[in-house]
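*Asks:* What follows is a structure written as C-alpha cells; I'll ask about it next.
Every number here is computed from the coordinates shown, using simple stated rules; none is lab data. Note that the structure is a prediction, hence the values are computed from the model and not measured. Neighbour counts run over all protein chains shown; Cβ positions are idealised from the backbone, glycine included.
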Amino acid sequence: MIRDFDSGDVVYLLLAARWTVALVVSATLCGGVLGFVVAIARVVPVAPVRWLAIGYINLIQGTPLLGQLFALFFALPLIGITVDAWSAALVCMSIYASAFLGEIWRSGLQSVHQRQWEAGASLGLTYRQQLGHVVIPQALRISVAPTVGFLVQLVKDTSLAALIGFVELTRASQIISSATFSPLTVYTTAAAIYFVICFSLSQLSQVLEGRLHVTR
Amino acid sequence: MSLVEIDNIHKRFGPVEVLKGVSLKVEKGEIVAVIGRSGSGKSTLLRCINGLERVQDGRIIVDGIEVTAPNADLNLLRQRAGMVFQSYNLFPHLTVERNVMLALKLVRKLESSDARRIAHEMVGKVGLAEKFLAYPDELSGGQQQRVAIARSLAMQPALMLFDEITSALDPELVGEVLRVLESVAREGMTMMLVTHEMNFAKNVAHRVIFMHEGRIHEDGPAREILAEPRTAELRSFLSAVLH
C-alpha cells in the first residue's frame, strides 16, 4: 500500500532523529571518558602503556566502523553473547570516538609548549598543578575545533547503525521511503535534519572558541 | 653559609658536556652577572640552580636546600629561587592578575583576596597597574616581561634568576625592563642574571662571571673585570659584544 509523504512522516523522522542525537550524546560522553584515558596513556612515560594505547588507536582507526558494528552485533551471538541494536551501536560508537578523541586531545596536550610547564615549575607548582592549571586549560582551547569537527562526523556516522536495524534517522527514512515510494523527498528531509544537527554543533564550536579565547 | 653554593658540577646533554666542573658561591644581596658566548653553559648553570636541569655530578645548595639531592623538594626550592625566562612564558589563558595570583593561591595557599592584593602591589611596582585585567597577548614584549618579573617576585623568593630576559625584546623595549631590574636590585634582592647588556652588568652588578666552554673563566668585581679583562678569551668576547 503506497501512501503520500505527509506531515506525520516528518514528525516520525524528527522522533527518530532523537535517537540519532541520543546515540551521539551517549557515545560522546562514554567515548570522551575513554578518550581521556587514551590521551593520557599516550603521553605517560611508561613505554608499554604507550604501545598499548597506540595499538588500540591504530586498530580502531584502521578498521571500518561498519565492520566493528557487524562484529559486535552479528559475531558476538555466535559465541553466545547477544546484544541489542542500541547497546551494540553505543559500545561501537563509544570505542570509535575514544580512539579519535584520544588522539585529538593527545596532540592538544603536546602542543602546549614545554616552556609553559617550566614556567609553572619555576613558580613552585607541582606536576599535577602544572597539568591541571596551566597545560590542560590551554590544550582544551586548542582542541575545541578538531573535537567538534569529529563530532560532526560522528553524527553522520550514526547512520551506519541503521544497518543493524537500530531505528534512528536513516533507518526511519528507509522505512518511510518504502512506504511512500518517494525516496527523494524523504531523504532530502532526513538530510536537512542531519544538517540542522551538524550546523548547530559547528555554531556551538564558534561560541565556545569565542568564549575560551582560542586565539590566546 | 652562602645563599648559593655550587661545588664542582658537571652537566652533560648526551655526549656534550655543557658544564665541566663549575664551582661558585653567591652571598645574600649579591648581584651577579653571568656573561659569555652562546653555548658557554651560562643558561644551563642557571637552570641547574633551580632544578630545571639535573646535574650528573657535583653539589648545589640554595638557601639551605640541597638541589642535587635525589629527594630534593624542588617545589620548595623554586619558591625560594624565582626564575624569569627569555621568552616571558606568561600563561596565555590567564589575565595579568591571574598570572600573578595562580602560584600565590596554589603554592602559598593564600586566600583569593590576599593573593589579589599582593598581585596588585607587585604589578603596580613594575608600572602596569592599568594592565591588571589584560591578557598577555594584549601586552608588548617589554610589558609581558615586567609581568613575568612581578609574578616571580610575588612569591617572595630569596634569590632571583634572570635568563637573558631582554634578549627577545625589541631594542626600544629593553630599557623599561632594565629599569625594573634596577629597582629590584635597589631593594637588596640577591640576583643572578645571564645577560648580554654589558652596560647594565657594569652599572648594576657587583660581580661578573665570564663563562667559557663550560667553565668559569673569569670571576671578579664587575667594573674591574669589564674594564681590564685578564684573559684573551674575555677580551675577544667583550670586543665582539661591544662593537
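*Asks:* Hey, can you grab everything whose amide H is under 5 Å from the amide H of residue B:83? Only 5+ residues off in sequence or another chain; H modelled, so Pro and N-termini drop out.
*Replies:* HN-HN under 5 Å from residue B:83: B:161.
*Asks:* Within 10 Å of each Cβ in A:106-118, how many Cβ atoms from other chains are there, averaged over the peptide?
*Replies:* On the way: counts 0, 0, 0, 0, 0, 0, 2, 3, 0, 5, 5, 2, 7.
Mean partner-chain Cβ count within 10 Å for A:106-118: 2.
*Asks:* Turning to a different aspect of this structure: Beyond 38 Å, what share of the Cα-Cα pairs of the protein assembly as shown is found? Please give it as a whole percent. Walk me through the numbers before you get to the answer.
*Replies:* Details: 45520 of 105111 pairs.
Above the 38 Å cut-off, the protein assembly as shown has 43 percent of its Cα pairs.
*Asks:* What is the ratio of the Cα radius of gyration of the stretch A:100-207 to 2.2 N^0.38 Å, where N is its residue count, to two decimals?
*Replies:* Compared with the compact-globule rule of thumb, the stretch A:100-207 sits at 1.62.
*Asks:* Please get the size of the charge dipole for the stretch A:7-212, origin at its Cα centre, with Cβ charges of +1 on Lys and Arg and -1 on Asp and Glu, quoted in debye to the nearest 20.
*Replies:* About 480 debye.
*Asks:* Which order do the peptides A:98-110, B:70-82 take when ranked by the mean count of other beta-carbon atoms within 10 Å per residue, highest first?
*Replies:* Details: A:98-110: 21.2, B:70-82: 18.1.
In decreasing order of mean packing, A:98-110, B:70-82 become A:98-110, B:70-82.
*Asks:* Residue by residue through the stretch A:176-181, what is 3J(HN,Hα) from phi via Karplus (6.51 cos²θ - 1.76 cosθ + 1.60, θ = phi - 60°)? Round to whole Hz and write x for glycine and proline.
*Replies:* Using θ = phi - 60°, the values come out as 5, 4, 6, 7, 9, 6 Hz.
*Asks:* Next question. State the percent of C-alpha pairs, over all pairs in the stretch A:7-212, separated by a distance greater than 29 angstrom. Mind dumping the intermediate values first?
*Replies:* Details: 7648 of 21115 pairs.
Summing the P(r) of the stretch A:7-212 above 29 Å gives 36 percent of all pairs.
*Asks:* Show me, for the stretch A:156-166, the HN-Hα J-couplings you get by feeding each phi into the Karplus relation (A = 6.51, B = -1.76, C = 1.60, θ = phi - 60°), rounded to Hz, glycine and proline as x.
*Replies:* Using θ = phi - 60°, the values come out as 6, 5, 4, 4, 5, 5, 4, 6, 9, x, 7 Hz.
*Asks:* Sticking with this one: Separation of the stretch A:1-58 and the stretch B:162-218 by C-alpha centroid, Å?
*Replies:* 55 Å
*Asks:* Would you work out the charge dipole size for the protein assembly as shown about its Cα centre, treating the Cβ of every Lys and Arg as +1 and the Cβ of every Asp and Glu as -1, and quote it to the nearest 20 debye?
*Replies:* Values: 42 positive and 40 negative charges, 91 e Å.
Value, rounded to 20: 440 debye.
*Asks:* In addition: What are the aspartates and glutamates whose alpha-carbon lies under 17 Å from the alpha-carbon of residue B:202, with same-chain residues fewer than 8 places away excluded?
*Replies:* B:30, B:164, B:182, B:218, B:219, B:224, B:228
*Asks:* Moving on to the next point. From the phi angles alone, apply the Karplus equation (6.51, -1.76, 1.60; θ = phi - 60°) to the stretch A:86-98 and give each ³J(HN,Hα) in whole Hz, x where the residue is Gly or Pro.
*Replies:* Result, ordered by residue: 4, 5, 4, 5, 5, 4, 4, 5, 5, 5, 4, 5, 4 Hz.
*Asks:* Size of chain B along its principal axes in angstrom, Cα-based, largest extent first?
*Replies:* Sorted from largest, the Cα extents of chain B read 53, 45, 33 Å.
*Asks:* Still on this structure: How far, in degrees from 0 to 90, does helix B:96-106 lean away from the longest principal axis of the Cα atoms of chain B, to the nearest 10?
*Replies:* Approximately 80 degrees, to the nearest 10.
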